[in-house]
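Heads up: the structure comes next, in structure tokens.
The values are calculated or read from the model by the stated rules, or taken from the named source; none is laboratory data. Remember, predicted model here, so these are calculated numbers, not experimental data. Counting neighbours? That spans all protein chains shown, and the Cβs are built from the backbone with ideal geometry, glycine included. Calculation scope for accessible area: heavy atoms of the full protein, side chains included, ligands and nucleic acids excluded. Shrake-Rupley method; radii C 1.70, N 1.55, O 1.52, S 1.80 Å.
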Amino acid sequence: RVTILPHGSLRILNASKSDEGRYLCQGVNVFGSAEIIASVSVKEPTRIELTPKKIELTVGESIVLSCKALHDSTLDVTFYWTLNGQPIDFEKEGGHFESIKAQASSADLMIRNILLMHAGRYGCRVQTAADTVSDETELLVRGPPGPPGVVIVEEITDTTATLSWSPGADNHSPISLYNLQARSPFSLGWQTVKTVPDVISGDMESAMAVELNPWVEYEFRVVATNKIGTGDPSAPSRVIRTNEAVPKTPPANVSGRSGRRHELVIAWEPVSEEFQNGEGFGYIVAFRPNGTRGWKEKMVTSSDASKFIYRDESVPPLTPFEVKVGVYNNKGDGPFSPIVVICSAEGEPTAAPIDVKATSLSVSEILVAWKHIKESLGRPQGFEVGYWKDMEQEEAAEKVKTEGNESSILLTGLEGNTLYHLTVRAYNAAGYGPPSIAVRAATKKSPPSQAPSNIMWIQDGSHVSLGWEPVRPLANESDVMGYKVLFRQEGQSNSQVIETQKTSAVVLLPDVGVYIIEVCAVSEGGDGTASPQIRVPSFSGGKVTSAQSTLHVWSTSSSSVTLLLALMVPSTSW
């Protein structure tokens, strides 16, 4: 049990407490001796217990691994956790792992919200100054299946595709069934497709997708399911196109549209490319007068077409026709839509508006009004008014339109003092009816460009008496019909208005403050140029005496001032 080794070391096997003490090693030769002393302490061996020993969990669950150490009471212990032999980095594991040390001789490992990647061998290592021991436990994680292997398209027809694949990992829960999904340019992402067999069990590795659309590009993928859930899908297959076939979907919503006289306009909703089933897709338009036997058929070769116009001068307006629209492609003719009855166009209006009147309202506005004779055919959808200046040709006329049954329109933005010629005509989808007899109207002359001048005012408390020289318009300007006095409190935007036919006015300023006053002439052509603004203060309280009255004059000549004073103030006041 105790041996001196050849190089002088001392080996003690199966040490016990009795072996504790001070050991002396002495070396001797002809020149003398040397010695060392070693102290030996014998400690209890460290033992650990890691529980539980083998665990099976499902993705999303949590577990606590407990590691307890039995060790010599004189020694400190340190715990280390590993996964598949590698130290666990608690800061980089996204909060899934947490080390919990409740006592000096035990440590726990909390694993939260377990993922498939957390499966493996978990180790607990305990280290003291005297020894190191470790233990391991196996954690098995059950979860949804992994993605199946490569999907291969083995056989294609016009409406089916046979697929095969290799199974993916079952993640410790047997695969119970598979699901086939398809994607095309016309689908909203991946869609589950019908299959043969209806249910694809977990032990199958091929199936047939059915009820596909002919001549459409598809991709396929496979998804596996077990008791835990549905796993990630496989990678998509290569893109394939189903074979061509005769079209089976006729156009929808076949109806009539407005047209010109002697026209039959047939409209429909185009068939989506998804249902055209092959190249060379087009439409067959069939029609016949109501009550007859034979069909007339016309080919429309554009797959995007949505209308066909048949014109026959012998067809009266509003003649009823039976109509149906079919489809075809390079594989053959498909079905027709249900028969509908559509009438030929009623034609453009035939009567011109009557009793057309044009009234000048201002320098830039003319009101045009008319009446229309009701027609059994060619009912108008609105009216068009054409207008041109006296010196211009009718071909240069500007045009504005109304909609519905409007019987008047206000023309704006016209030139002042200008004679205009005007016509009115009805219109609908078939075209325009004849114009009315032309009428004439002249816009008003422009308002006076001269502003009221030599304005004088005198204030008596809250009353302000105003006077000014009359405005004399130029030859090409409207006559003066009166005047407007506009006044507002300073800081406000809305003005109050006093109208008068005289060259004087009295203004009542009701509130305390400063008022802005200006004067302009009124004419048929509108309001003329306003005078310069006058700022007048308004006082509160009792009547202002004559001594407090203030005379203000805006004048360019003394004779004008004298005239205005005589008009405004009695002679006894001076």
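Odds and ends about this structure:
- Working from label points 7 Å from Cα in the Cα-to-Cβ sense, the residue 497 to residue 34 distance is 12.8 nm.
- Gyration tensor verdict on the chain (Cα atoms; rounded if a/c is under 1.5, prolate if a/b is larger than b/c, oblate otherwise): oblate
- In this structure, the residue pairs whose Cα-Cα separation is over 30 Å, taken from 43/68; 374/445; 371/484; 445/502; 399/484, are 374/445; 371/484; 399/484.
- Contour excess over end-to-end distance, with Cα ends at residue 24 and residue 272 and 0.36 nm allotted per residue: 79.0 nm
- Taking the alpha carbon gyration tensor of the range 252-344, multiplying each eigenvalue by 5 and rooting it gives semi-axes of 24, 13, 11 Å, largest first.
- Placing pseudo-labels 7 Å out from each Cα toward the beta carbon at residue 307 and residue 156 gives an inter-label distance of 3.8 nm.
- A simple count of charges around residue 130, restricted to other residues whose Cβ falls under 10 Å of its Cβ and scoring Lys, Arg +1 and Asp, Glu -1, yields -2.
- Three semi-axes of the equivalent ellipsoid, the range 423-503, Cα gyration tensor, whole Å, largest first: 46, 19, 9
- Mean sequence separation of contacting Cα pairs (under 8 Å, at least six apart), scaled by the length of the chain, corresponds to a relative contact order of 7 percent.
- At an R0 of 41 angstrom, the distance between the Cβ atoms of residue 417 and residue 508 translates into a FRET efficiency of 0.60.
- Computed lengthening from residue 357 to residue 343, 0.36 nm per intervening residue step minus Cα-Cα distance: 1.4 nm
- Relative packing of 28-35, 332-339, 307-314, which averages over residues the other C-beta atoms within 10 Å, highest first: 332-339, 307-314, 28-35
- Within the assembled protein chains, the solvent-accessible surface assigned to residue 324 is about 40 Å², based on a 1.4 Å probe.
- Positive-end extreme of charge dipole, the chain - chosen from 455, 75, 159 (charges on Cβ): 455
- Residues of type lysines that residue 331 reaches as a straight line, Cα spacing below 21 Å, ignoring anything fewer than 8 places off in the same chain: 248, 298
- Between the beta carbons of residue 374 and residue 437, assuming R0 = 30 Å, the FRET efficiency works out to 0.95 to the nearest 0.05.
- By average C-beta atoms within 10 angstrom, highest first, the peptides 183-191, 510-518: 510-518, 183-191
- Which of 225, 254, 171, positive extreme of dipole for the range 162-268 (C-beta unit charges): 254
- Annotation for residue 298 and residue 75: the two label points, set 7 Å from Cα along the Cα-Cβ direction, are 10.3 nm apart.
- Normalised by the number of residues in the range 47-142, the average gap of Cα pairs under 8 Å and 6 or more apart makes the relative contact order 40 percent.
- Ligands, DNA and RNA are left out, and with a 1.4 angstrom probe the accessible area of the chain is 56 Å² per residue.
- Exposure of residue 215 as accessible area (Å², to 10), given a probe of 1.4 Å and all protein chains: 80
- Ligands, DNA and RNA left out, the accessible area of the chain computed with a 1.4 Å probe is 51% carbon and sulfur.
- Alpha carbon centroid spacing (whole Å) that separates the range 19-66 from the range 244-298: 95
- With viscosity 1.002 mPa s and temperature 20 °C, the Kirkwood radius over alpha carbon pairs of the range 420-461 converts through Stokes-Einstein to a diffusion coefficient of 135 µm²/s.
- Note on residue 92: aspartates and glutamates with a C-alpha under 19 Å away, same-chain residues under 8 apart excluded, are 108.
- Rounded to the nearest 10 degrees, the angle from helix 558-568 to the longest Cα principal axis of the chain is 90 degrees.
- Under a model in which nothing but the beta-carbon of Lys, Arg (+1) and Asp, Glu (-1) is charged, the chain shows a dipole of about 660 debye around its Cα centre.
- Here the extension length gained between residue 392 and residue 113 equals 91.6 nm, from 0.36 nm per residue of separation less the Cα-Cα distance.
- Normalising the average separation of contacting C-alpha pairs (under 8 angstrom, six or more residues apart) by the number of residues puts the relative contact order of the range 425-487 at 28 percent.
- For the peptides 138-151, 445-458, residues were scored by their other Cβ atoms within 10 Å and the scores averaged per peptide; the highest-first order is 445-458, 138-151.
- When you filter the trypsin sites (Lys or Arg not before Pro) in the range 1-97 for DSSP loop state and at most 13 other Cβ atoms inside 10 Å of their Cβ, you are left with 1, 53, 92.
- Near residue 305: Cβ cut-off under 14 Å, other residues only, Lys/Arg at +1 and Asp/Glu at -1. The net charge is 0.
- FRET efficiency, 1/(1 + (r/R0)^6) with R0 30 Å, evaluated for residue 105 and residue 9 via beta carbons: 0.30
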